[in-house]
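Below is one structure, written out as structure tokens; the observations come after it.
The values are calculated or read from the model by the stated rules, or taken from the named source; none is laboratory data. Bear in mind the structure is a predicted one, so any value in this text is a computation, not a measurement. Counting neighbours? That spans all protein chains shown, and the Cβs are built from the backbone with ideal geometry, glycine included.
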Amino acid sequence: MNPINSYRAFPDFKRVDPGYRPIDERVRDWNEVERHLTPEELTRQAARCMDCGIPFCYGAGCPLKNPIPEMNAAALENRWEDAIRLLQATCPYPEITGRICPALCEGSCCNAVDSDAVAIRQIEREIADRAFAGGFMKPRTRAARNGRSVAVVGSGPTGLAAASDLNLRGFDVTVYEAAKYAGGLLRYGIPDFKLEKWMVERRIDLFRQEGIRFECGVHVGVDVSLDFLRRKHDGVLLACGAREPRDLKGPGRELKGIHFALDFLIRQNQVTGGELAETGAEWSAQGRDVVVIGGGDTGSDCVGTSVRHGAKSVTQIEILPKPPESRLATNSWPEWPRILRSSSSHDEGCERIFATNTLAFEGDENGRVYGIRCVQVDWQGRTPVPRPGTEFFQKADLVLLAMGFTGPAKGTPAANGLPNVWEAGDMVTGPSLVVWAGARGHEIARQMSADLLGRPARV
């Protein structure tokens with residue numbers, strides 16, 4: 001008998017989060033900062049699931065539609081092989097989403113109406129980790145080959161999800177990646193203290209075992225043309241991401257010491273991954289006053305990276321106003337709670353300044369930035385309006401621009417209506433979460449399969 005049906009424990013146990021390693025320890029390395037729940041704590045968190053008749057956690061929350069109540073029940077009953085089987089039916093890389101997903105499902109958990117949500121992300125993470133540790137995270141059986149081949153350009157979360165699905169459906173799949181190693185954003189954009197890269201490589205190896213081929217160091221549009229791929233394969237999926245950074249034009253933008261955030265993160269990931277021997281003086285935050293412009297996840301990753309470099313100070317500036325501490329009446333459940341959030345990086349040493357616009361960069365006689373001029377703003381609708389008398393100077397000899405992305409990088413190949421060429425993921429929708437990228441990989445794989453095989457896609 002499923003204990004959840006006979007004994008609902010959600011009133012008896014409080015939510016417990018694992019927390020992080022001590023700050024003075026974790027800032028000295030690049031290892032994962034988040035701890036794990038104990039087996040007893042995990043069991044209690046799984047028991048908090050109400051097994052809702054209408055599970056908003058995946059109906060309104062999870063883009064991948066993970067079967068969360070069933071997954072929680074399997075974890076509660078120590079049926080770990082069943083749990084990973086359920087999870088892998090919808091999620092192509094649960095050990096990754098279990099670490100970096102912001103847990104949209106938890107925002108829609110029925111417990112969250114008037115209490116704390118079930119720790120769903122932690123349960124997902126534990127299911128995946130136990131599957132690898134127990135030896136039952138195995139290559140999945142693919143369908144019989146259908147005689148058609150597909151090229152997937154880009155090995156980020158959308159490309160990997162689509163490649164996995166197409167391979168399991170019987171297509172011969174080759175993934176083309178411009179970088180030295182596969183993984184895209186997962187490998188090069190996310191710091192090791194959130195997602196250690198051996199985990200990404202382990203998942204890529206599993207995809208290889210399932211039959212997917214990876215051609216790395218092949219830049220489509222430079223090394224090979226889109227036309228070449230069209231001649232070689234029956235279909236081509238462009239999943240190249242949104243890599244064109246939003247710039248901040250203004251006086252002093254040409255000064256040295258001003259970099260795009262993703263370039264900064266990529267370089268550090270190349271160092272921790274062994275591709276580069278060192279960051280290099282120009283890219284190091286050691287001993288510097290660092291200003292990160294942009295308050296999103298990329299910005300907070302720059303904060304944690306700068307702290308580990310040994311920055312003198314780190315300040316994060318956000319043009320939007322400071323979010324509320326708790327839900328507003330206009331942001332009711334099951335919507336995602338738009339509240340103030342702090343990452344592990346913020347806790348490591350960072351001043352956060354909200355509702356502030358950057359007016360200009362100021363430099364020294366050597367042409368290097370030494371500070372920025374800012375002004376506080378009030379928002380009138382969607383327009384930031386400078387607040388008179390609030391201008392101030394912020395010292396900075398390293399500035400990282402983390403204001404998001406405008407679309408695919410310049411020179412990225414495009415479908416342009418070509419037959420049997422598709423686009424998907426962030427290059428279509430704009431920047432989004434890994435979990436959304438995975439869901440869009442599933443969607444485009446269904447569509448491609450239907451188009452290439454000449455039959456309706458199964459939903």
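A few remarks follow.
Here is a yes/no grid of residues against (1) under 17 Å from GLU106 (Cβ atoms); (2) in contact (Cβ under 8 Å) with a residue 12 or more places away in the chain; (3) assigned by TED's automatic domain parsing to the domain that holds LEU433; (4) not β-branched (Val, Ile, Thr):
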{"position": "PHE13", "(1), (2), (3), (4)": "yes, yes, no, yes"}
{"position": "TYR20", "(1), (2), (3), (4)": "no, yes, no, yes"}
{"position": "ILE23", "(1), (2), (3), (4)": "no, yes, no, no"}
{"position": "ARG35", "(1), (2), (3), (4)": "no, yes, no, yes"}
{"position": "GLU41", "(1), (2), (3), (4)": "yes, yes, no, yes"}
{"position": "ALA47", "(1), (2), (3), (4)": "yes, yes, no, yes"}
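- Within the range 93-121, the set of residues being over 16 Å from the mean Cα position of the chain (by Cα), part of a helix (DSSP H, G or I) and of a type outside the set (Gly, Ala, Ser) comprises GLU106, CYS110, ASN111, VAL113, ILE120.
- Residue check for GLU81: modelled with pLDDT of 95 or more, part of a helix (DSSP H, G or I), surrounded by 20 or more Cβ atoms within 10 Å (Cβ to Cβ) and not small (Gly, Ala, Ser): no
- LEU237 meets each of the listed conditions (1) farther than 18 Å from GLY183 by Cα; (2) hydrophobic (A, V, I, L, M, F, W, C); (3) outside any loop (DSSP other than H, G, I, E, B) apart from (1).
- Filtered residue count, the range 123-166, keeping only those that are assigned to a helix (DSSP H, G or I) and either without any contact (Cβ under 8 Å) to a residue 24 or more places away in the chain or in contact with a Cys (Cβ under 6 Å, 6 or more places away or on another chain) (or both): 1
- Check on ILE190, under 30 Å from PRO245 (Cβ atoms) and in a loop (DSSP other than H, G, I, E, B): yes
- Any strands (runs of 3 or more DSSP E) falling wholly within the range 288-362 and containing at least 2 residues that are in contact (Cβ under 8 Å) with a residue 60 or more places away in the chain: 289-293, 313-317
- Taken as a whole, the structure places LEU226 among residues that are out of contact with any Ser or Thr (no Cβ under 9 Å at 6 or more places or on another chain) and either within 24 Å of THR429 (Cα to Cα) or among the hydrophobic types (A, V, I, L, M, F, W, C) (or both).
- Subset tally (residues that are closer than 22 Å to GLU40 by Cα and of a type in the set (Phe, Trp, Tyr)) for the range 58-114: 1
- Enumeration of residues in the range 368-401 that are part of a loop (DSSP other than H, G, I, E, B) and out of contact with any Asp or Glu (no Cβ under 8 Å at 6 or more places or on another chain): GLY381, ARG382, PRO388, GLY389, THR390, GLU391
- Scanning the range 24-58 for residues that are among the small types (Gly, Ala, Ser) and under 21 Å from the mean Cα position of the chain (by Cα) yields nothing.
- Every pair of residues 6+ apart whose Cβ atoms lie under 7 Å, when the first sits in the range 371-389 and is more than 22 Å from GLY252 (Cβ to Cβ) while the second is among the charged types (D, E, K, R) and assigned to a loop (DSSP other than H, G, I, E, B): ASP378/ARG387
- Residue check for ILE258: assigned by TED's automatic domain parsing to the domain that holds PRO431, surrounded by 18 or more Cβ atoms within 10 Å (Cβ to Cβ) and in contact with a strand residue (DSSP E or B) (Cβ under 8 Å, 6 or more places away or on another chain): no
- Tally of residues being touching a Cys at 6+ places or on another chain (Cβ under 8 Å), more than 25 Å from LEU104 (Cα to Cα) and aliphatic (A, V, I, L, M) across the range 407-443: 1
- Candidates ARG125, ARG130, ARG169, ARG121: the one that is among the basic types (Lys, Arg) and within 30 Å of ALA450 (Cβ to Cβ) is ARG169.
- When TRP422, TRP436 are checked against the criterion of being in contact (Cβ under 8 Å) with a residue 40 or more places away in the chain and part of a strand (DSSP E or B), a single residue qualifies: TRP422.
- Which numbered condition ASN146 fails, given (1) touching an Asp or Glu at 6+ places or on another chain (Cβ under 9 Å); (2) crowded, with 23+ Cβ neighbours inside 10 Å: (2)
- Of residues in the range 102-114 being in contact (Cβ under 8 Å) with a residue 40 or more places away in the chain and of a type outside the set (A, V, I, L, M, F, W, C), the one nearest to GLY59 (Cα to Cα): SER108
- Filtering the range 206-220 to residues that are surrounded by 13 or more Cβ atoms within 10 Å (Cβ to Cβ), out of contact with any Cys (no Cβ under 9 Å at 6 or more places or on another chain) and not in a helix (DSSP H, G or I) leaves GLY211, ILE212, ARG213, PHE214, GLU215, CYS216, VAL218, HIS219.
- Hey, GLY170 surrounded by fewer than 18 Cβ atoms within 10 Å (Cβ to Cβ), within 30 Å of PHE132 (Cα to Cα) and in the same structural domain as THR412 (by TED's automatic domain parsing) or not: yes
- Selection from the range 226-255 of residues that are without any contact (Cβ under 8 Å) to a residue 60 or more places away in the chain and under 30 Å from MET448 (Cα atoms): ASP227, PHE228, ARG231
- Residues that are assigned to a helix (DSSP H, G or I) and charged (D, E, K, R), drawn from the range 439-459: ARG440, GLU443, ARG446, ASP451
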